[in-house]
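To start, the structure itself, in structure tokens.
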Amino acid sequence: MIGRLLSFCLLASVAAGCAAAAGDDVSSGSSDFTSSGEDLSGLRDAVKNVDEEHVVLAESIAVPTADVSSGSKDDTTSISGLDWYQKWAGGKTADHAWSDGSKFGKRCAWASVLRFEAIVRDAPPELGALVASQTKWNGTFQNWNNDYGGKTADGKDAFGDASGAYIFAPRADITKWVSATAKDGSCYLPTKAMLVEYLTTCKAQVASGTDMKGCEAPATSDSDE
């Protein structure tokens, strides 16, 4: 009887330990997709509304230190890479170096990946259907950020300000997932509705006998980008 009781207690202890470990894993913000090894839970929570294009981030949400280029992926689709388009005098253009990003730009670049992740967790069926129908595009999106959140070396602001996100295909085999960083550190991120519009537009374009080049879904807010 004592032996059985000890065995039960040991099993219960192990189970409790496993449950605690699982809870720790969830609370740390780890994901099935991203593998940065960094706690992104605050930022992930801030961008989870997939219908919200303009996201104002609390000052308490830290700027991730991990390079965003590794992106996020599942079995059907992925986002990776990094393109900085910095909108102040002397800012970087088509630059891929994580270290060159502004503080706010880095935060929005990660926010954009986490928004992608939130959308594809419940992906619209149009996504898998379009990927399956293509020979040139394999479902990969490239992370692009229009950054107005930095300054010149002598403290001058960017020209204008961010006003929208969008999705477009500069070539048949490339789709750009474009976010924008505002001067106040807020982010404009692609939405689920924007992705559905992009996929629907591309499907119709491909059906007309052309490829995906030129497919786009513009910002839902007014945009000057």
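Read the figures in this text as sums done on the coordinates, not as results from a lab. Just so it is clear, the structure is predicted and the values come from calculations on it, not from any experiment. All Cβ positions, even for glycine, are placed from backbone atoms using ideal geometry, and neighbour counts span all protein chains on display.
Observations on the model:
- Projected label distance in nm at LYS151 and ALA132, using a 7 Å step from Cα toward the beta-carbon: 5.3 nm
- With the convex hull of the Cα atoms taken as the outline of segment 31-217, the averaged projected area works out to 10.1 nm².
- Equivalent ellipsoid semi-axes - Cα gyration tensor, segment 124-225, angstrom: 30, 13, 11
- In this structure, the pairs whose alpha-carbon distance is over 28 Å, taken from LYS103/LYS136; LYS92/LYS183; LYS92/LYS213; LYS183/LYS213; LYS73/LYS203; LYS106/LYS203, are LYS103/LYS136; LYS183/LYS213; LYS106/LYS203.
- Residue exposure sequence - PHE104, PHE141, PHE159 - by fewest surrounding Cβ within 10 Å: PHE159, PHE104, PHE141
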